[in-house]
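The values are calculated or read from the model by the stated rules, or taken from the named source; none is laboratory data. Values in this document were obtained by computation on a predicted structure and should not be read as measured data. Note: ideal-geometry Cβ built from the backbone for every residue, glycine included; neighbour counts use all protein chains shown. The protein model used for the area step is the full one, side chains on, heavy atoms only, and it has no ligands, DNA or RNA in it. Shrake-Rupley method; radii C 1.70, N 1.55, O 1.52, S 1.80 Å.
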Amino acid sequence: MLAIPVLRDRVAPVLNWCSSIRIYPEKPASQGLPQEVNISHLEAGRRLEFLREQGVKTLICGALSPDLRHYAQTLGIKVVCGVAGDIDEVLRSYRDNQLDQPQFYLPGCRGPRRYQSRFGAVPGCPGLTGTSGQCRGAQASQAGSKTEKICICPECGHQQPHERGIPCYQVNCPRCGQRLVRG
């Protein structure tokens, strides 16, 4: 199965904050219509668990927090992130192995698209590269600057690298749960 978070018939920009998700058969010839499910009542980690329970093996989305990307990998869900566009067009392009077209790039994530699978980085998926799971744009901007951009927890002081395209205030501290601020 394949899942895409929805916002007005487009790929939702951030999985953590979307309210519904569509689940499709992995292969277009498979029986069954897409199923749209309201997930607004589920917290972010539980959303991934729900997808796994539904048999989802691939998640195509705009963005999700680094913690959720890691958790998805732990659950055996392949994440294709950094994607924007009309859901029908995205789905068709994914199935035709054409999702690397610029019209599907989420703003802020440009360049060759890759995702992490069991076999390493594989062409065809936006946003992720190598084992770090960071957006290529974020890696390029971090590599080009002397000072690394970070997000900081105002409560406990936890620091983590800022992920380009995801505001710090949308990320919760992994230690205490407080929203992070830009450092």
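Okay, residues lined up against (1) of a type in the set (D, E, K, R); (2) surrounded by fewer than 22 Cβ atoms within 10 Å (Cβ to Cβ):
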site: 8; (1), (2): yes, yes
site: 22; (1), (2): yes, yes
site: 28; (1), (2): no, yes
site: 48; (1), (2): no, no
site: 62; (1), (2): no, no
site: 70; (1), (2): no, yes
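I need the full set of residues from the stretch 68-84 which are assigned to a helix (DSSP H, G or I) and closer than 15 Å to residue 18 by Cβ, in order please.
Hits for the stretch 68-84 are 68, 72.
Kindly state which strands (runs of 3 or more DSSP E) lie completely within the stretch 85-183 and contain at least 3 residues that are open to solvent by less than 70 Å² (accessible area, probe 1.4 Å) and modelled with pLDDT under 85.
Passing ranges, in order: 114-117, 120-123.
Report every pair of residues separated by at least 6 positions or lying on different chains whose Cβ atoms are under 8 Å apart, first residue within the stretch 91-110 and over 16 Å from residue 59 (Cα atoms) and of a type in the set (Lys, Arg), second modelled with pLDDT under 80 and not in a loop (DSSP other than H, G, I, E, B).
So the pair list comes out as 110/136; 110/137.
So, of the residues in the stretch 1-31 that are among the small types (Gly, Ala, Ser) and part of a loop (DSSP other than H, G, I, E, B), which turns out to be nearest to the chain's Cα centre (by Cα)?
Step by step, filter the stretch 1-31, then rank; the result is 12.
Among the residues of the stretch 156-183, which ones are over 21 Å from residue 12 (Cα atoms) and in contact (Cβ under 8 Å) with a residue 40 or more places away in the chain?
160, 174
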